[in-house]
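Participant: Mind looking over this structure? Questions follow.
Throughout, read-outs are computed from the coordinates displayed, never taken from laboratory work. Predicted, not measured: the structure shown is a model, and the values here were computed from it. Reconstructed Cβ throughout: ideal geometry from the backbone, glycine too, with neighbour counts over all protein chains shown.
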Amino acid sequence: MTLTQHMLTGLPGNPLVGLEKADDLWQRYRTGDLPQHQVIDQAEAPLETVEWDVVICGGTLGVLVGAGLAQRGWRVAILERGVLQGREQEWNISRRELTALTELGLLSETELNEVIASEYNPARIQFGEGDPLWVEDVLNVGVDPRALLERLKVKFIEAGGKLFEHTAFDLASVHPNGVLVKAKQPFTTRLLIDAMGHFSPLVRQARGPSKPDAVCLVVGTCAEGYAQNETGDLLASFTPLRHQCQYFWEAFPARNGRTTYMFSYMDADPRRLSLSEFFEEYWTLLPEYQGVNRSDLQVKRALFGFFPCYKNSPLQYPWGRILAVGDSSGSQSPLSFGGFGAMIRHLERLVTGIDEALGCDRLGAAALGALQPYQPNLSVTWLFQKSMSVGMDQNLSEQHINRMLTSIFAAMAALGDPTLKPFLQDVVQFPALAKTLAVTSIKYPGLVAKIIPQVGIESLVSWLGHYGSLAGYSALEPLVRALGPVFESLPPVPRYYSLRWRDSLFYGSGKDYNA
């Protein structure tokens, strides 16, 4: 019996079966053996009637958008293949990010506090034998997904939305005046929103047979039996390279124990570790990481998965009348493998933009593409992801990544929280990035010479283009923002496109972090 089998046998939901299924899918991604399904087709004849303004497939994150649109008066249906309820393992986020829920009127302050299951400070960042950094108020709030989604369901239904549980998406046909969604029953809608996640069948069709450009493998558990510890880890590593991977860890105090994750960035080479092998590494190293005996742990829940990332992101669907949001859209950076934070960050932009698109009937592919624009502050993080991963045939010093990250984070910490904290919340801003590069180059001149051959000239040249775009967006954004009153006074259609351009500069330069 493996360590994973020993530790997870008997848990509710039989996670070992889920692990086997996830491993099979991961194997298919590594070998390129993904079946191609055509779930979207296009029809020339208009629909006779259109019942809904919006149909959202995937309720876990889709209910966030659905509740916002229903409160604005649109006819919204949510299709969920099972029961719409969150997992029991908490979603970690920062309290300041959660204000989006109250600002949009989805939750009151009291309701928001009621869905917060845990809160802690401070959190550690440490690599190898480098000095630890301690930060506060970053990913330090644990939200109870079940409590949050239950409240959002109530808000959605009270606003007139309709929830169809046990109703899985099957196929859809795009017509000139709407979309026919085929599920347990047919739905006709002006707009179909795909919130089904990384492995959505629509994403599969749009991406085709292409392999992901990068993958994050992650395993973890929530367990009791740890010594009392009210601090967390945001990003920690204590081992050298193993199996051509640098293992990173996160740890959060939770309402009923402690949540620990191990993850690693990599490509989809067929020789990569399976999820089961990766979980074995987790159990092997966890006692040293947390100073605990495995026999003292009472595992409550297990989490595992892999998260494919594509440079062609955010994803813009080619069909018209269909919009990807959340993980389906790839709107988080390749460093982030949790869609909840990215969805919360973009929620106000998406709800407002979709509301305006419906209002002026801008539902073609190009118009909806303006809701998922190129964002250079996300694209620049591809180089960071590349520098934190190792090719299967690369020969690096076993402490190379630990030493590199120790130097870079020390430089960011020396520049203060305005530089460090946005990066830790998946936001890159040009002034902070430029200062970090300057300080790192001056203090650690040998570091750049080691990174370039690791990431490759092609990746570096591509990154310089995104870096230049980030500089341009940052310079142009204040000027465009000053034109806000002019944009607001325009007729609906030019107003829609002007405001989406403003949003793309605002979010693409990371200025939303300061809002």
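Participant: Alpha carbon centre of segment 344-406 versus segment 204-228: separation in Å?
Facilitator: Centre-to-centre (Cα) distance: 16 Å.
Participant: Rounded to the nearest 0.05, what FRET efficiency do residue 102 and residue 434 give with R0 = 22 Å and r taken as the Cβ-Cβ distance? Could you check?
Facilitator: 0.05
Participant: Work out the FRET efficiency for residue 226 and residue 413 from their Cβ-Cβ distance, taking R0 = 22 Å, and round it to the nearest 0.05.
Facilitator: It comes out at approximately 0.20.
Participant: Now a separate question. Could you calculate the contour length gain from residue 464 to residue 293, that is, 0.36 nm times the residue separation minus the distance between their Cα atoms, to one decimal place in nm?
Facilitator: Answer, rounded to one decimal: 56.9 nm.
Participant: Could you sort out which of 311/386; 386/421; 311/511 sit more than 18 Å apart by Cα distance in this structure?
Facilitator: 386/421; 311/511
Participant: Let me ask another. I'd like the distance separating the alpha-carbon centroids of segment 240-286 and segment 486-515, in whole Å.
Facilitator: Spelled out, the Cα-based centre of one part sits 40 Å from the other.
Participant: Just the Cα atoms of the chain, one point each, no solvent: what log10 I(q)/I(0) does Debye give at q = 0.07, 0.10 Å⁻¹?
Facilitator: Each listed q maps to, in turn, -0.38, -0.81.
Participant: Let's test this: bin the Cα-Cα distances of segment 377-478 at 5 Å from zero up to the farthest pair and state each bin's percent.
Facilitator: It works out to 2, 12, 21, 25, 22, 11, 4, 1, 1, 0, in whole percents.
Participant: List the lysines whose Cα lies under 17 Å from the Cα of residue 153, skipping any in the same chain that are fewer than 8 positions away.
Facilitator: Residue 153 reaches 162.
Participant: Further, regarding this structure: Taking amide H positions as placed 1.01 Å from N in the peptide plane, with prolines and chain starts having none, which residues 5 or more places from residue 246, or on another chain, fall under 5 Å of its amide H?
Facilitator: 265, 390
Participant: Taking amide hydrogens as modeled 1.01 Å from N in the peptide plane, which residues meet the under 5 Å criterion relative to residue 324, leaving out close sequence neighbours?
Facilitator: Amide H to amide H, under 5 Å and 5 or more residues apart or across chains, residue 324 pairs with 194, 317.
Participant: For helix 145-158, what angle does its Cα long axis make with the longest principal axis of the chain, in degrees from 0 to 90 and rounded to 10?
Facilitator: It works out to around 10 degrees.
Participant: For the chain, what does the helix formula give at 222 nm: sum of -39500 (n - 2.57) over DSSP H segments with n ≥ 4, over the residue count, nearest 500 deg cm²/dmol?
Facilitator: -13000 deg cm²/dmol
Participant: Which of the aspartates and glutamates could a cross-linker span from residue 21 if the Cα-Cα distance has to be under 16 Å and same-chain partners fewer than 8 positions apart are dropped?
Facilitator: Answer for residue 21, where 16 Å is the Cα cut-off: 33, 277, listed by chain and number.
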